[in-house]
Structure formats: C-alpha cells, structure tokens
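Structure, as structure tokens:
The values are calculated or read from the model by the stated rules, or taken from the named source; none is laboratory data. Keep in mind that this is a model prediction, so the values were computed, not measured. Cβ atoms come from the backbone with ideal geometry, glycine included; neighbour counts cover every protein chain shown. To get the accessible areas, we keep the full protein, side chains included, count just its heavy atoms, and leave off ligands, DNA and RNA. Shrake-Rupley method; radii C 1.70, N 1.55, O 1.52, S 1.80 Å.
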Amino acid sequence: MAIRPIVTWPDPVLKQRCTEVVAFDADLHQLLGDMAETMKDEGIGLAANQVGVALRVFVMDVPLGEGEHTGVLEIINPRIVKTKGEIRYEEGCLSFPGVNETVKRAAEVDLAYQDRHGVEHEVHASGLVAICIQHELDHLDGIVFLDRLSPLKRRIALRDYLRENREQIEEAQHRAKSKLRRSAAS
Ligand code: CO
C-alpha cells in the first residue's frame, strides 16, 4: 500500500463524473489499499478522483463516538436508493485544505453498492456516516461540498479558498501543464 498525492481544487478531475467499475481485479484492490492508506490520519472519507482516478470508488472510516469507528469501508459503484429527513453539518474536504462550511444533507440514506469482489450490498446509514456517504458520492458525480451551498456562499467560500491557496494552486497547475507537455512530446 502506498500513499497517493491528494488532488486539490480546482483540478478538473474533481469536476468529472467518474465511470463505473467493471473489473474487480488486482488494480482495483491496489487502488483501494492505497486510498485507505492515504485517508488514514487525514480524513474520514476519500473518493478515487481525489487521488486522480476517475472511477466510482470511495473509502471511508467514520468515528461513531467514544473511540469507536466504522473501520475502513470500501464502496464501489454506489447508488443512494432512499433518503429521509434533513441534517446540517460543518463539513471539510481533503481537496479544499482549510475550508469548513455547513452543508444541508439527508439525515438517513439507504446505500446500494458493490464490494471489492463485485458482490452487491445494501446498508442503512444515519448521522455522520450518512453525511460522509453523500459527500463522497457527490465527488464521484463531479460535485464538491461547496456546490451544495447557496450561490452567494459558494462564491465567497471559493474566492477565499483561491485567494488563500493561490501559490499552491499555481504550482499544481504548472506541474499539470509540464506533465501534459511531456506526454504530448512522447
Ligand atoms: Co471531499
């Protein structure tokens, strides 16, 4: 297992709709292991496009209180089949370092998904687990948590983020461009 670099906004892969997983093979298992390792000590959820892989995969490990947590859950090709109620929670995102905003989501969800072997499962989730599921599933549709704010709040949050991270963003864009140039030349 290896730690992979986390992609930050405004990298285009975060705005991309990820594609369904069809091969439940060694490459997928490698990705899942790397994602769990990358998420560890950093966050409670991580979507594959946050490490630059546009597949419908996310991992999560959510605290349940009193030192308990869910353990690493691997979610592939997820679909929310039912929602109930409403909840507001102050969310953060590894792709938006330093940003926290209160987002409104469904309080409970029924989630259908496949595991690393392609076996279908369905779970009912509430509280922070339900919030995390919705945040990560949004990533797979190219939606980030700031897209769930009112247009004005979204604009302000994005402006502040871009202002505070200007140097890192320019550096990342420069790296992406020279990578493109290299692959075009080869
Ligand atoms: Co996120």
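For the reader, a short list of remarks on this structure follows.
- Accessible surface comparison of Tyr113, Tyr161, Tyr89, probe 1.4 Å, protein chains only, largest first: the order is Tyr89, Tyr113, Tyr161.
- At most 11 other Cβ within 10 Å, DSSP loop - trypsin sites (Lys or Arg not before Pro), segment 6-94: Arg17
- Once the Cα-Cα distance is subtracted from the 0.36 nm per residue extended length, the Met1 to Gln173 segment shows a gain of 59.2 nm.
- DSSP-defined antiparallel bridges as percent of all bridges, segment 12-185, nearest 5: 95
- Membrane-span-like helices of the chain, defined as complete DSSP H segments with a Cα extent of 18 Å or more along the helix axis and a mean Kyte hydropathy of at least 0.5, are identified as 127-140.
- Accessible surface of the chain [probe 1.4 Å, protein heavy atoms]: carbon and sulfur percent: 51
- Modelled label reach - Asp160, point 7 Å along Cα→Cβ, segment 103-123 residues with backbone N closer than 15 Å: 103
- Cα-Cα P(r), segment 1-135, percent of pairs per 10 Å interval: 12, 42, 39, 7
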